[in-house]
1. So what are the ³J(HN,Hα) numbers for segment 211-223, from phi and the Karplus equation (6.51, -1.76, 1.60; θ = phi - 60°), rounded to whole Hz, Gly and Pro as x?
2. For a label point 7 angstrom out from the Cα of Arg32 toward its Cβ, which stretches of segment 42-60 have the backbone nitrogen within less than 14 Å?
3. Kindly sort Ser98, Ser363, Ser183 by accessible area of their heavy atoms, largest first, with the probe set to 1.4 Å.
4. Contact order normalised by length for segment 97-201, with contacts defined as Cα pairs under 8 Å and 6 or more residues apart; what percent is it?
5. Give, as a single signed number, the net charge of other residues whose beta carbon lies under 12 Å from the beta carbon of Val221, with Lys and Arg counted +1 and Asp and Glu -1.
6. Go through segment 129-141 residue by residue and turn each phi into a ³J(HN,Hα) via Karplus (6.51, -1.76, 1.60, θ = phi - 60°); whole Hz please, and just put x for glycine and proline.
7. With a 10 Å cut-off between alpha carbons and a GNM built on the chain, which of Ala163, Ala187, Ala207 moves the most?
8. Accessible area of Trp108, 1.4 Å probe, to the nearest 10 Å²?
Amino acid sequence: MVSPHNNEYSPGLKDVIAGETALGLVDGEQGRLHYAGYPIGELVTRGTYARVAELLWTGEWSDEAALACAPVSGGVIEVLRLLPEGTSPMDALRTAVSIWGSEQGFGWPPTVEQARAVTAFAPSALAAFARIRDGLEPIEPDPSLELPAGFLYQLTGAKPDTAAARALDAYFIVAAEHGFNASTFTARVITSTHSDVCSAVVGAIGALKGPWHGGAPSEVVDQLHEMGDIDQAEDWIRDTLSRGERLMGFGHRVYRAYDPRAAALRQVAEGLADVADWLEKAIAVEKIALRLLEEHKPELSIKTNVEYYTAAVLQGVGLAPDLFPAIFALARHAGWTAHCLEQAEANVLIRPDVVYVGQGYRSLFDS
Ligand code: ACO
């Protein structure tokens, strides 16, 4: 690890300790993920997204915690209607949170109420966007439904079946928090300047949009389609790796062991009938991919990451692949906002140093 004072440059801040958190323990060596001490497997089995979000915001577990989707204002709907054709769901969500943030006028420091409010707003905004682009009218939220089920309802107009609602809830739990990943770090940097929680979330959505962070699951689907039948998978993967390209859904900055979120989601996916054939292929391809990645980079231990089985779960509940990154963003709202609260509680402006490697001194007045 790099100590804060030895002036050593670590590209990508690899192994640099950039803060302290009591929210998520991400143990890459042993493949453990805990939220405030509780292992992710237990949280998926015993929890709901609302309980997990409350745990992250307050540090307390409550079996009574509930969170429904919130209504979207007319102003936000109007802006969503004005977005150009072909706007990506991540761009739409980022815009919606930004407009909503200006309506709320939140200041600093962020509060738990603000964290709840933006987390409850975002799914309704994304569902409204998805309906508007399909030529449909947005649907008012149903306050009796928990947030992931309420999102599905606002998207489709039908109450989701229990298995789909439970599967999406499990995905939201697994994706809620993950230490100092790029988007969370972005949110903390923004909070550290005494900016508001909506600005922090807008920045975090921008960071999550990149395929190296949150854009991977839809590309997992594309790659599985592209490679054709299972007997063509090995050649396709070899070709892809030999071109220096990446296999989506594999590799992680922190995990060297199997990503515990992938394991939890694979279990959830196995309970979804609609995705059975797809999942069978994904499991077979995963085995081949792990073997070839081991040959390709034996020193790195590149394993399956959360995005691989996210693709199965989100398809299994009937969601379109181009919505996957934005749905990841909805789930991560709990973690982002919890980090904003934690940052504000012991705030120091985040402003690292940089090594100047440009031109030596020169003057515009030299001939
Ligand atoms: N396929 C092929 N090669 C890979 C993969 C992969 N999935 N992952 C890493 N490598 C290779 C890289 O090409 C690189 O090789 P090089 O040193 O010859 O250039 C080496 O392993 C190290 O890769 P880095 O990018 O330095 O590793 P880093 O820790 O920075 O990257 C990352 C992690 C970005 C997730 C990477 O593994 C990746 O691009 N994976 C595919 C995209 C993906 O699945 N993203 C979702 C991540 S999970 C999440 O964010 C929620």
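1. Couplings: x, 7, 10, x, x, 6, x, 5, 6, 4, 4, 4, 5 Hz.
2. 42
3. I get Ser98, Ser363, Ser183, largest accessible area first.
4. Reported relative contact order: 34 percent.
5. Around Val221, the surrounding residues sum to -4.
6. Each residue's phi maps through the Karplus curve to give 4, 4, 6, 4, 5, 8, x, 10, 8, x, 10, 5, x Hz.
7. Ala163
8. The accessible area comes out at roughly 80 Å².
The values are calculated or read from the model by the stated rules, or taken from the named source; none is laboratory data. Fair warning: this is a prediction, and the values are worked out from it, not measured in the lab. Note: ideal-geometry Cβ built from the backbone for every residue, glycine included; neighbour counts use all protein chains shown. Surface accessibility is based on the protein's heavy atoms, side chains included, excluding ligands, DNA and RNA. Shrake-Rupley method; radii C 1.70, N 1.55, O 1.52, S 1.80 Å.
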